[in-house]
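FYI, it's all coordinate maths here, none of it is from the lab. Only a predicted model underlies this, so the values are computations on that prediction, with no experimental measurement involved. In this analysis, Cβ positions are derived from the backbone assuming ideal geometry, glycine residues included, and neighbour counts consider all displayed protein chains.
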Amino acid sequence: MEIISLPLTDDDAFNSHPQLGTIAYRLPSIDKLFGQPMSFFDKYWDLEFTLSILAQNNGAESRLSCSTKSKCYVKYRRHYTPVVYYLSPPVVYYGSEVEIWFDPKSV
């Protein structure tokens, strides 16, 4: 199944350096990515994705993918991935204090 994610944000663009071959992108949460409530995913323990990028250049669209598939492989494992409910502040800098509320089960 092919799923189109949200576009890059201004923060992603700022942290990217395409001239050096790097693009920063924060994956949205699973519920936002699929447009389903988190309870929908309670029956799944593992979700696997291979990422690629649809790039627009002068109206033409091209798909960018990793030369090695393992470099674009993402595995969401419920055993090791806590569900984060709250992060404060939403923008974090080195040395800042952060408050995170998450579900600790299976972590």
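Simple rule: put +1 on each Lys or Arg Cβ and -1 on each Asp or Glu Cβ in the chain, find the dipole, and look at I23, L33, Y80; the Cα lying farthest toward the positive end is Y80. Take S39, project a point 7 Å from its Cα along the Cβ direction, then tell me which residues of the stretch 69-98 have their backbone nitrogen under 18 Å from it. Correct set: 83-85.
Modelled spin-label separation between N58 and Y80, with each label point placed 7 Å from Cα along the Cα-to-Cβ direction: 4.4 nm. Note on M1, M38: ascending count of other Cβ atoms within 10 Å places them as M1, M38, the fewest first.
Taking the Cα centre of the chain as reference, the dipole from Cβ charges on Lys and Arg (+1) and Asp and Glu (-1) amounts to some 440 debye. Computing FRET efficiency as 1/(1 + (r/R0)^6) for M1 and C66, where r is the C-beta to C-beta distance and R0 is 22 Å, gives about 0.70. Restriction of the trypsin sites (Lys or Arg not before Pro) in the stretch 1-100 to DSSP coil positions whose beta-carbon has at most 15 other beta-carbons within 10 angstrom yields R26. For semi-axes √(5λ) of the Cα gyration tensor in Å, computed directly from the structure shown, the correct entry in (i) 27, 20, 13; (ii) 36, 12, 9; (iii) 24, 15, 11 is (i). Please give me, ordered by residue number, the GluC sites (Glu not before Pro) of the stretch 31-100 that lie in loop per DSSP and have at most 12 other Cβ atoms within 10 Å. Taking the stretch 31-100 and a limit of 12 other Cβ atoms within 10 Å, the loop GluC sites (Glu not before Pro) found are E97.
Our summary gives the chain a relative contact order of 17 percent, counting only alpha carbon pairs under 8 angstrom and 6 or more residues apart. Exposure here means at most 11 other Cβ atoms within 10 Å; with chymotrypsin sites (Phe, Trp or Tyr not before Pro) in a DSSP loop as sites, the longest stretch of the chain lacking them is 1-43.
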